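Read the structure below first, then the notes.
The values are calculated or read from the model by the stated rules, or taken from the named source; none is laboratory data. Because the structure is predicted, anything quoted here is derived from the model rather than measured. Quick reminder, even Gly has a Cβ in these numbers, built from the backbone with ideal geometry, and neighbours come from all protein chains shown. Calculation scope for accessible area: heavy atoms of the full protein, side chains included, ligands and nucleic acids excluded. Shrake-Rupley method; radii C 1.70, N 1.55, O 1.52, S 1.80 Å.
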Amino acid sequence: MSRALRRNWTGTVLVTGFGRFPGAPFNPSAPLAEKLVRLRRPAFSDMRLLAHVFPTSYAAVDRDLPRLLAEHRPDILLMFGVAPKSRRVRIETVARNLLSRFPDAARFSPARRRIADSSLNRLRNPFPAMRLLAAARTRPCRAVLSANAGRYLCNYIYWRALESAARTGFPKLAAFVHIPPVRRSGRRGGKALPCAADLLRTAEAILAALIGAAKRPH
């Protein structure tokens with residue numbers, strides 16, 4: 001369920017994550033989204049911050065994303081998802097018109113290979129991603145730009161968000177960020193992974209950059 005964390009605001013921010021899915025019994029994007037909207041920071045003080053965690057299923061995205069956008073009309077939509085094999089924060093610049101056969105958490109596997117019946121192969125985010133990268137690199141996690149959001153739910157929700165932005169004007173600004181798994185005690189290769197606190201600091205910097213851009217007069 002979405003939760004409002006601010007009462008005095010001039011804009012709305014929706015931060016989302018995903019729940020567990022096959023191969024990822026713990027998804028750090030869910031607690032990251034929920035913790036991020038609880039931060040008390042001057043840059044966030046006049047924004048209404050909402051968190052929503054999607055079950056990792058196509059049906060959940062198709063059901064909940066349009067409802068959330070219509071109800072809250074967010075100025076900013078910041079989406080997080082985990083990339084299990086990544087060791088860096090990846091700021092995605094495009095969504096691809098592709099679907100994977102890999103089943104979602106509801107055991108549904110798409111029969112189609114493309115998200116939309118369109119000649120478009122990709123949707124490029126118009127927001128200058130270098131601003132987000134520069135902000136992320138002021139924090140501990142290694143961050144890069146990426147033009148490959150995959151073919152799974154992360155790419156799917158990104159496509160649907162950019163599609164909505166172009167069609168309805170909401171969200172006004174959108175960003176999708178892939179995060180690596182978090183370092184956990186006893187896990188092999190854990191030293192190469194960031195801790196949850198460092199991921200939160202990086203996410204905070206990215207959100208602050210988005211809020212700063214939203215507040216600038218156009």
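Using alpha-carbon positions, what is the distance between the centroids of the stretch 15-76 and the stretch 140-188, in Å?
About 11 Å separates the Cα centre of the stretch 15-76 from the one of the stretch 140-188.
Which loop GluC sites (Glu not before Pro) in the stretch 1-98, with loop taken from DSSP, have no more than 11 other Cβ atoms within 10 angstrom of their Cβ?
When the GluC sites (Glu not before Pro) of the stretch 1-98 are filtered for loop state and at most 11 Cβ neighbours within 10 Å, nothing remains.
Semi-axes of the stretch 1-116's equivalent ellipsoid from the Cα gyration tensor, sqrt of 5 times each eigenvalue, largest first, rounded to whole Å?
Those come to 27, 16, 13 Å.
Could you sort 64, 198 by their accessible area in this structure, using a 1.4 Å probe and putting the largest first?
My answer, sorted largest first, is 198, 64.
Between residue 163 and residue 87, what is 0.36 nm times their sequence separation minus the Cα-Cα distance? Round to one decimal in nm.
Result: 24.5 nm gained on full extension.
Test of understanding: what is the full-extension gain from residue 147 to residue 20, defined as 0.36 nm times their sequence separation minus their Cα-Cα distance? The partial results should precede the final answer.
Values: separation 127, 0.36 × 127 = 45.72 nm, distance 2.41 nm.
Length gained between residue 147 and residue 20: 43.3 nm.
For the pair residue 41/residue 100, report the inter-label distance in nm, with labels modelled 7 Å from Cα in the Cβ direction.
The two pseudo-label positions are separated by 2.9 nm.
Over 19 Å, how big is the tail of the calculated P(r) for the stretch 116-201, in percent of all Cα pairs?
The answer is 52 percent, as a whole percent.
Do any trypsin sites (Lys or Arg not before Pro) in the stretch 33-97 lie in a DSSP loop with no more than 14 other beta carbon atoms within 10 Å, and if so, which?
When the trypsin sites (Lys or Arg not before Pro) of the stretch 33-97 are filtered for loop state and at most 14 Cβ neighbours within 10 Å, 38, 40, 85, 87 remain.
Please report, in whole Å, how far the alpha carbons of the chain spread along each principal axis, starting with the longest.
Over the chain, Cα extents along the principal axes are 46, 45, 31 Å.
Membrane-span-like helices in the chain: DSSP H runs reaching 15 Å or more (Cα, own axis), mean Kyte hydropathy at least -1.0? Walk me through the numbers on the way to the answer.
Details: long enough: 58-72 (21 Å, -0.31); 153-168 (22 Å, -0.06); 196-215 (28 Å, 1.10).
Helices meeting the criterion: 58-72, 153-168, 196-215.
Using a 10 Å cut-off on Cβ atoms, rank the peptides 151-157, 162-168, 19-25 from the highest mean neighbour count down.
151-157, 162-168, 19-25
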